[in-house]
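The values are calculated or read from the model by the stated rules, or taken from the named source; none is laboratory data. Quantities reported herein were computed from a predicted structural model and do not represent experimental measurements. Glycine also receives a Cβ, built like all others from the backbone with ideal geometry; neighbour counts cover every protein chain displayed.
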Amino acid sequence: MNNIKITGYGDDLTINGIRIGDLSPFEHEQIEKEKGGNNYHPLENVVVSSVFDDTTFIARKPDPEKIKKFLEFELIDGLCCYSAVNPGQLNKTIVDAIVSHLQMEKIPTVPRSIRHKYMSALLIAVTAFTEMDKMVPKVAGVEGPEMMFKIARRWAYEQKGVPEGKALTIVAENNFHGRSMFAISASTDPLSRKDFGPFLPGIIKVPYNNIPAIEQAITENAEFLSAVILEPIQGEAGVIVPSDDYLPAVKKLCEEHNVLFCLDEVQTGYCRTGANFAHQLWNAKPDLMSCGKAAGGGIIPVSYVAGRADLIDVLSPGSEGSTFGGYPLACIAAVYSIKVMIEENLAEMARIRGKRLLKHFADIQKEFPNKMKETRGKGLLTAFEMYKAPQLDGHQVSLKLLKKGVYAKETHKSIVRVAPSLTITEKNIDTIAEAIRDVIKEL
Ligand SMILES: Cc1ncc(COP(=O)(O)O)c(C=O)c1O
């Protein structure tokens, strides 16, 4: 059917007579319910319309007087698209590079079956930034851990001598590696697994941040073990920061038993935790590392696996690939994202602002010790956890914060993650903290 008419831009974008700028938050919700999948539960009664600055959205909420259908207000973004927008929304360096690339260079899309000149730029920049020998580009974050899993299995068969079909992989309980079949096979979250089986075999799950448990799993399965795949800090689980000896101990155990030490830095990479990559906080360099989210500057989806040359070299033509993995526009976003991380000192910014935010959290916890159970974080990957009680529900906190002009979303019922852009001002950190304080007081 070709009876589709699409005209205009911005609020004037009109599809078959429906002007997007005329829709109220309620109408957006209705359209999503009618025509979209039911796989998210976004905050009610709010629709982001544009960005005001690097850390602030312009959002629309219902107009109580119904004269107009919505009111616009400023909303500080305390989530940053789950750490995809580390350099801030519309970072000028990255936007200029992308616009100039499209308008001046005129080479957005080229397949991997013919070389384009920006692939070299990507390879040079990413290997320098990650301090790894080689990298392979993909698109979505989930593709990173997925590829680490595959590379590790192939390495196990071809290099370690594991009998075909017998390779094992250790992961941590409560991990989040995305939504692919590997990721949910590795997951312990019933919501992401229900009725999607059968799952991939050969995955052993151990408690996170528990050295004796992983030591036992590694030693008992060493002969068939390809890799341990962990998040250096568990983000989705509620910003679970391991003890200082955990990652170095796991790395050492892996070395001793000829097992690959693989880290999923999709959420923790790109300066989020106060270092370029979280593993640097503990001097625990992985053999393979997956990155995503902020790797594309928060504008273009870019992910990759970087690692030791001998491991990346187990891949052969036909074994891996991606139409948009490493296409010219993605290379530009990726290269300039790295430039911004370094030139805008974003690791240091994350350390400084994160310290301030965590100090605020500690003060709030002192003030409300019966409500706030724990606060934690590294750099600007932070969270506070409330005691489990109906009135301390994390979703209610998110809704109340929204009313005060701050967007932060609960992970699990009683934990609220706060991870704003790394360019956030001191003033906005204080505003976020003040809003949290007011909300906790009200609960
Ligand atoms: C550690 C980690 N790995 C993988 C993913 C999946 O990334 P994506 O949603 O871009 O596929 C996420 C997303 O939150 C993540 O936090």
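Looking at the stretch 156-169, which of the residues that are in contact (Cβ under 8 Å) with a residue 60 or more places away in the chain and crowded, with 21+ Cβ neighbours inside 10 Å is farthest from the ligand (Cβ to nearest atom)?
Top of the filtered list is Ala156.
Whether any residue in the stretch 20-33 is in contact with a helix residue (DSSP H, G or I) (Cβ under 7 Å, 6 or more places away or on another chain) and surrounded by 13 or more Cβ atoms within 10 Å (Cβ to Cβ) is what I want to check.
yes
On the basis of being in a strand (DSSP E or B) and assigned by TED's automatic domain parsing to the domain that holds Ala334, does Val110 make the cut?
Answer is no for this residue.
Restricting attention to the stretch 391-433, report how many residues are in contact with a helix residue (DSSP H, G or I) (Cβ under 9 Å, 6 or more places away or on another chain) and farther than 27 Å from Phe52 by Cα.
Count: 5.
Please find, within the stretch 90-110, the residue that is nearest to Ile58 (Cα to Cα) out of those that are in contact (Cβ under 8 Å) with a residue 60 or more places away in the chain and among the hydroxyl-bearing types (Ser, Thr, Tyr).
Thr93
Which of (1) in contact (Cβ under 8 Å) with a residue 60 or more places away in the chain; (2) within 25 Å of Val340 (Cα to Cα); (3) away from the ligand (no atom under 16 Å from the Cβ); (4) not aromatic (Phe, Trp, Tyr) is the odd one out, the single condition Ala140 does not satisfy?
(3)
Just to be sure before I move on: is Phe224 away from the ligand (no atom under 16 Å from the Cβ), closer than 20 Å to Val142 by Cα and surrounded by fewer than 20 Cβ atoms within 10 Å (Cβ to Cβ) in the structure I sent?
no
Considering each of Tyr304, Tyr270, Tyr336 in turn, give the residue that is assigned to a helix (DSSP H, G or I), among the aromatic types (Phe, Trp, Tyr) and touching a residue at least 12 places away in the same chain (Cβ under 8 Å).
Testing whether each residue is assigned to a helix (DSSP H, G or I), among the aromatic types (Phe, Trp, Tyr) and touching a residue at least 12 places away in the same chain (Cβ under 8 Å) leaves just Tyr336.
Given (1) part of a helix (DSSP H, G or I); (2) crowded, with 18+ Cβ neighbours inside 10 Å, identify the lone condition not met by Val95.
(2)
Within the stretch 241-281, which residues are under 17 Å from the mean Cα position of the chain (by Cα), over 15 Å from Glu131 (Cβ atoms) and of a type in the set (S, T, N, Q)?
Within the stretch 241-281, Gln267, Thr268, Thr273 qualify.
Regarding the stretch 242-265, can at least one residue be identified that is acidic (Asp, Glu), within 14 Å of the ligand (Cβ to nearest atom) and either in contact (Cβ under 8 Å) with a residue 60 or more places away in the chain or not in a helix (DSSP H, G or I) (or both)?
Yes, that holds for at least one residue.
Run down Ala306, Ala294, Ala333 and say which single residue is within 16 Å of the ligand (Cβ to nearest atom) and in contact with a strand residue (DSSP E or B) (Cβ under 9 Å, 6 or more places away or on another chain).
Checking each option against the conditions leaves just Ala306.
Just wondering, is there one or more residues in the stretch 78-85 that are within 16 Å of the ligand (Cβ to nearest atom), loosely packed, with under 15 Cβ neighbours inside 10 Å and in contact (Cβ under 8 Å) with a residue 60 or more places away in the chain?
Yes; the residues of the stretch 78-85 include at least one that is within 16 Å of the ligand (Cβ to nearest atom), loosely packed, with under 15 Cβ neighbours inside 10 Å and in contact (Cβ under 8 Å) with a residue 60 or more places away in the chain.
Looking only at the stretch 44-53, decide whether some residue is part of a strand (DSSP E or B), in contact with a Leu (Cβ under 7 Å, 6 or more places away or on another chain) and modelled with pLDDT of 95 or more.
yes
Does at least one position in the stretch 313-322 carry a residue that is of a type in the set (Asp, Glu), surrounded by fewer than 18 Cβ atoms within 10 Å (Cβ to Cβ) and assigned to a loop (DSSP other than H, G, I, E, B)?
yes
Just to be sure I understand, how many residues within the stretch 395-430 are more than 25 Å from Glu343 (Cβ to Cβ) and among the acidic types (Asp, Glu)?
So the count comes out to 2.
So if I check each of Phe176, Phe149, which one is more than 18 Å from the chain's Cα centre (by Cα), buried (at least 22 other Cβ atoms within 10 Å of the Cβ) and within 16 Å of the ligand (Cβ to nearest atom)?
Exactly one residue qualifies, and that residue is Phe149.
For the stretch 12-26, enumerate the residues that are in contact (Cβ under 8 Å) with a residue 12 or more places away in the chain and not in a loop (DSSP other than H, G, I, E, B).
Across the stretch 12-26, the qualifying residues are Asp22, Pro25, Phe26.
Could you give me the residue pairs with C-beta distances under 7 Å whose first residue belongs to the stretch 171-183 and is under 14 Å from Pro232 (Cβ atoms), whose second residue is within 8 Å of the ligand (Cβ to nearest atom) and assigned to a loop (DSSP other than H, G, I, E, B) wherever it lies, and which are 6+ apart or on separate chains?
Pairs found: Asn175/Glu231; Phe176/Gly235; Phe176/Glu236; His177/Val142.
Would you check if Ala125 is surrounded by 14 or more Cβ atoms within 10 Å (Cβ to Cβ) and under 23 Å from Gly10 (Cβ atoms)?
Judged against the criteria, Ala125 is not a match.
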